[in-house]
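Here is the structure we will look at, set down as structure tokens.
The values are calculated or read from the model by the stated rules, or taken from the named source; none is laboratory data. In this text the structure is predicted, and so the values were computed from the model without any measurement. Here the Cβ positions follow ideal geometry from the backbone for every residue, glycine too, while neighbour counts run over all protein chains shown. Heads up: the accessible areas ignore ligands, DNA and RNA and are worked out on the full protein's heavy atoms, side chains in. Shrake-Rupley method; radii C 1.70, N 1.55, O 1.52, S 1.80 Å.
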Amino acid sequence: MPEGTLCNKKPIDSAEALNTLLSDTSGEVYYREMKSIEVDTKLLWKTIQNTCKSRIRTWLEICAHCGMCADSCFLYLVDDHNPKQVPAYKIQSTLGEIIRKKGNVDNNFMIKTMEIAWSQCTCCNRCAMYCPHGIDVGIMMGYLRGLLYQQGFVPWELKIGAGMHRVYRAQMDVTNEDFVDTFEWIVEEYEDEYPGLKAPVDIQGADIMYTVNAREVKHYPEDLAEAAILFHIAGENWTVPSKGWEQTSLSMFAGDWAACKMQVETVYDAMERLKPKIMVGTECGHAHRATVVEGPYWVGRKDGRPPVKSIHYVEWLADALKTGKLKIDPAKRLKVPVTLQDSCNYVRNHGLKSATREIIKHIVEPGYFIEMSPNKEHNYCCGGGGGFNGVGLYRPQRNKALITKRDQILSTGAKLVLAPCHNCWDAIRDLEEEYTIGIEWSFLKPVIIKMLDIPEHLRPRE
Amino acid sequence: MFKKILFATSATKASDHAARVAFNISNLYNSHMNILHILGVPSRGFSQKVTDVKTREKVEVDDEYIAWVKEEIKTYYAELLPKTKSYEIKTLIGYPHREILREIRKNKPDLLVMGRSTESEGSPVYKFGSAGSTLQRVIKASDCPVLLVNRPAASFWGSITNIVFATDFSKSSDVAFDFACKLARNINCELHIFHAQNISLTPESEIFDQDTIEQRMREKLRFFRKKYVSKMEGIDNYSIEVWEGVPYIEIVKYAREKFADLIIMAQDSKNPGSTTEELGSNIKQVILRAGCPVLCMTK
Amino acid sequence: MYEFLTGFMFWLALAICLIGMLVRIIFYFRGLSWQLDRVAYKEFPMSGFKGAVNSIYRWLIPFGTLGWRKQPLMTVLFFGFHAGAVLVPVFLVAHNLFLKEKLGFSFFALNPFVADILTWATVICGLLIILRRIALPKVRILTTWYDYFILFISLAPFISGLIARYELGDYSFWLTIHILLGEILLIAIPFTKLSHVVLFFASRAQIGMDFGIKRGGIKGTTLNW
Ligand code: HEM
Ligand code: SF4
Ligand code: SF4
């Protein structure tokens, strides 16, 4: 069978196709079909010749096979030092092999490769920091995922996720109307507590354009309200776009580069349309990576930057606290042992390590903050990055992968983990569910709202 | 008065008492009953799996599963269902508080009935990071009155004879008061208006001497009469009292003394602490301790 | 034979090696693509340069990076091997005399005693690297015959050099073998993964630019390698 009805090389681009795929419980039929779809070896090789240039080729060639990257990979460590988890091995036995064979690989090989690409690497890029040659296996895995996606070998949820972006320009079936509607009523829910709280949609020329994660809209709109409250109290002139509000990109995890481009274009269009001074994104790691770090290249912006200056929520927050736009009541600072999860996507891969620590200085009573070890750009992945969290097929592997973070947290003795990243937040929630170590975890917004020293004129009148 | 009621249930023992009350009301007022069951939290990031509320198992939600759950609910309430003329069973995925609130917003029921917990609150599955419980979150933001049934209600709303309205004089208390009057008129029962003067003597609280306390209670009582009595046309049987003490204890005691079948309270939505564990605890404590259902209003 | 190896063959090997390395480095940088690699190389030359220099420099210092510090054994073996592998061929007295004769110039010459030690270190560390490859599962799984081959042609000139140096066996025979092996090594450099002699700098420069430009560099944070 060259192509399956559900599992095939064609991206999802209609709501009907999405629903059909969704209704295939656990992707049962999808994965069954995958076992017999054909590999288009010509296309594979042509794609490689066009897109695999000196950087990756050199990496594959000069890799000394020295194994120094092994211990840098948390998946190697957590899988009882299984040599098959050595980063160099994972990439040599997949992408390396495909190139050596000039694309002549079979279905079986591709299925195994898919498992490695999505369950043995979270694209956390930590190994790049430990290889003497500077070989970044995470980047190569990302590239490999693109090849696999093109051939139809992609986990079910990620095919759906990329399809969501294609159909809804959001990672979930949240329409622009849903977004604006939800945003408005959730803000309404909080109006009494914060007089004057507004839900500004599509304001031209605002100082800040705020973008979110569709999950906030769908499952915890509180987060939208909290963002509104914090901007309101900080006295910011801000807005959200009615179109182009979604910052995330499951298509990046899926390796669907065309969908990545479509998604991020909507955000850039919103920037061009509303002409804000800056864009602030929500507390999400991969969303920031997609829209701010990688996105400009997907759409072909030569300077590698979005149309307007774009920052992560923690950068805005750090600045607001530092400049006194937001004031913390020192009596209400956190007085429990607290630790911080550094997200790979904006700490290792965008250098934001000091912003979060600036925030910590304001909100945690001195002496109560404990760093994880390792930390900052050397921190381990939460265990659920790169799409790992969402793939049902690899759930057992994912759960095992959480042990790294669990033990890191345990050895800090912290009771509260601040996780300003959706993926990390999820992974930590799941690890508590899986291993019950008695911790709490939180985004920054709710924690900060509780300890704000609100100026007199913004408080509710008695 | 209650054309549409929303009954949020886990279809487990935890909502049994609530179920009985809900179906009684539906029977009495001919109300359409909307039975809402939250299947579970989408615990798989963006995946399609949820953790089932009842079994704790990870399940894949598809049409078949939903049909099965609905059938289960029907069987569970087989005895009660005949009491209602029209009902509908609905299942949703998400955080329970959020989905309940969304449903209220969408279908505008006249009353929400729920048990104390539609989930076991300790479970990390439902823990929303470090924020408050489902109950607190629903009460805080609900547009309609919320009837909470924690313990077996003697009367099951079959024959309400005594309503206790506990006020803290907030704006939302006024709304709750209007509702209490309406209800009292409607079912022709006795209304007991009550305020508990908070004098829990913690080291931080100002220490009043007894004269001041009594002086203030007299003032409150006078204020009370002015504020409320004028609006109570058509209600013949009522009493007004002010007690001193820890509010929730006094409310519960008072309700017991008056053989209350229902306590009506307001949640002060302006109190920003109301979603956190510490605050809003007045209502929470009353719900936990009262021998009758508690009706909460925010708006 | 000796004549041929020190004459035509020497010139050929040297030319292949030098031109080959040059070609490889040119092709490497020509093959970089700002859009495929997703790094705006040209737009931020200063950030890129700083990142690249930092990335190369830190890794050339023994124990200079967390990566080296985490693997002390490998660090000792690596620097033990490479110090000799890089310095001895260029700065050995005998090699310099040869260069003077052939090219008319010479470099500074190593103290013979130091040169001896470096050579021994190269050979011993090289052998230990082989041992490590066999002993550690994480390295064993990566190892191919090609890796042993590379180690062999890297070590062979040093071992044969030592044999000649201590005049074990027939000096002129071993000297000829040594020269032959040395020239094989030179020729192998551009065509095998020994091209890392230059591509190491290219690859490290690239990742340095990547971090220096895109992944935080222009945010003003320097990466702590
Ligand atoms: C400036 C020059 C050089 C630099 C910067 C350099 C750098 C490196 C690096 C970073 C590695 C991989 C890391 C590792 O194995 O731990 C390596 C491996 C290696 N290098 Fe070099 N190298 C240089 C010159 C040479 C030369 C001249 C030779 C040959 C005589 C050589 C032979 C090798 C071999 C055989 C390995 C593989 C070691 C193994 O099996 O683990 N290198 N080099
Ligand atoms: S550390 Fe680098 S050179 Fe060594 S095996 Fe890993 S990827 Fe290859
Ligand atoms: S990117 Fe991260 S998960 Fe992937 S191989 Fe490297 S260290 Fe391991």
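Can you tell me which residues in the stretch A:109-142 are over 22 Å from A:Thr404 (Cβ atoms) and in contact with a Gly (Cβ under 8 Å, 6 or more places away or on another chain)?
Correct list: A:Pro132, A:Gly134.
Picking from C:Arg133, C:Arg140, which residue would you name as being within 14 Å of chain A (Cβ to nearest Cβ), out of contact with any strand residue (DSSP E or B) (no Cβ under 9 Å at 6 or more places or on another chain), within 14 Å of C:Leu73 (Cβ to Cβ) and free of Cβ contacts under 8 Å to residues at least 40 places away in the same chain?
On inspection, the qualifying residue turns out to be C:Arg133.
Can you find even one residue in the stretch A:399-408 that is within 9 Å of chain B (Cβ to nearest Cβ) and within 24 Å of A:Tyr368 (Cα to Cα)?
No, because not a single residue in the stretch A:399-408 is within 9 Å of chain B (Cβ to nearest Cβ) and within 24 Å of A:Tyr368 (Cα to Cα).
Do any helices (runs of 4 or more DSSP H) entirely within the stretch A:82-139 hold 2 or more residues that are open to solvent by 10 Å² or more (accessible area, probe 1.4 Å) and more than 15 Å from ligand 2 (Cβ to nearest atom), and if so, which?
A:97-100, A:107-119
Could you list, in sequence order, the residues of the stretch A:167-191 that are crowded, with 20+ Cβ neighbours inside 10 Å and charged (D, E, K, R)?
A:Arg169, A:Glu189
May I ask you to verify whether C:Phe113 is modelled with pLDDT of 95 or more and away from ligand 1 (no atom under 12 Å from the Cβ)?
no
For A:Leu144, indicate whether it is within 16 Å of ligand 2 (Cβ to nearest atom), part of a helix (DSSP H, G or I) and open to solvent by less than 30 Å² (accessible area, probe 1.4 Å).
Spelling it out, A:Leu144 is indeed within 16 Å of ligand 2 (Cβ to nearest atom), part of a helix (DSSP H, G or I) and open to solvent by less than 30 Å² (accessible area, probe 1.4 Å).
Can you tell which of B:Ile263, B:Ile249 is in a strand (DSSP E or B) and either aliphatic (A, V, I, L, M) or at pLDDT 80 or above (or both)?
It is B:Ile263.
Are any of the residues in the stretch A:351-372 assigned to a strand (DSSP E or B), open to solvent by less than 10 Å² (accessible area, probe 1.4 Å) and modelled with pLDDT of 95 or more?
Scanning the stretch A:351-372, I find at least one residue that is assigned to a strand (DSSP E or B), open to solvent by less than 10 Å² (accessible area, probe 1.4 Å) and modelled with pLDDT of 95 or more, so the answer is yes.
Quick grid of which residues meet (1) within 14 Å of chain C (Cβ to nearest Cβ); (2) among the charged types (D, E, K, R); (3) out of contact with any Lys or Arg (no Cβ under 9 Å at 6 or more places or on another chain); (4) not in a loop (DSSP other than H, G, I, E, B):
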position	(1), (2), (3), (4)
A:Cys7	no, no, no, no
A:Ile48	yes, no, no, yes
A:Glu61	yes, yes, no, yes
A:Asp71	yes, yes, no, yes
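If a residue has to be more than 23 Å from the chain's Cα centre (by Cα), more than 7 Å from ligand 2 (Cβ to nearest atom) and open to solvent by 20 Å² or more (accessible area, probe 1.4 Å) to count, how many in the stretch A:59-81 make the cut?
Of the residues in the stretch A:59-81, 6 are more than 23 Å from the chain's Cα centre (by Cα), more than 7 Å from ligand 2 (Cβ to nearest atom) and open to solvent by 20 Å² or more (accessible area, probe 1.4 Å).
Considering only residues that are within 11 Å of chain A (Cβ to nearest Cβ) and either on the phi > 0 side of the Ramachandran plot or not charged (D, E, K, R) (or both), which ones fall in the stretch C:65-78?
Across the stretch C:65-78, the qualifying residues are C:Thr65, C:Leu66, C:Gly67, C:Trp68, C:Gln71, C:Leu73, C:Met74, C:Thr75, C:Leu77, C:Phe78.
Please verify whether A:Ala162 is among the small types (Gly, Ala, Ser), buried (at least 21 other Cβ atoms within 10 Å of the Cβ), more than 16 Å from ligand 1 (Cβ to nearest atom) and within 20 Å of the chain's Cα centre (by Cα), treating the condition exactly as stated.
yes
Of a type in the set (A, V, I, L, M, F, W, C), within 16 Å of ligand 2 (Cβ to nearest atom) and open to solvent by 20 Å² or more (accessible area, probe 1.4 Å) - does that describe any residue in the stretch C:177-197?
The answer is yes; a qualifying residue exists.
I'd like to know if the stretch C:95-114 contains one or more residues that are of a type outside the set (Phe, Trp, Tyr) and under 17 Å from the mean Cα position of the chain (by Cα).
No; the residues of the stretch C:95-114 include none that is of a type outside the set (Phe, Trp, Tyr) and under 17 Å from the mean Cα position of the chain (by Cα).
Taking the criterion of being surrounded by fewer than 20 Cβ atoms within 10 Å (Cβ to Cβ) and either in a helix (DSSP H, G or I) or away from chain C (no Cβ under 14 Å) (or both), would at least one residue in the stretch A:380-393 satisfy it?
yes
Suppose we filter A:Asp178, A:Asp202 for residues that are assigned by TED's automatic domain parsing to the domain that holds A:Ala270 and under 24 Å from the mean Cα position of the chain (by Cα); which single one remains?
A:Asp178
When the stretch A:409-431 is examined, which residues are found to be of a type outside the set (Lys, Arg) and open to solvent by 10 Å² or more (accessible area, probe 1.4 Å)?
If the condition is that a residue be of a type outside the set (Lys, Arg) and open to solvent by 10 Å² or more (accessible area, probe 1.4 Å), then A:Leu410, A:Ser411, A:Thr412, A:Gly413, A:Leu416, A:Asn423 are the ones that fit.
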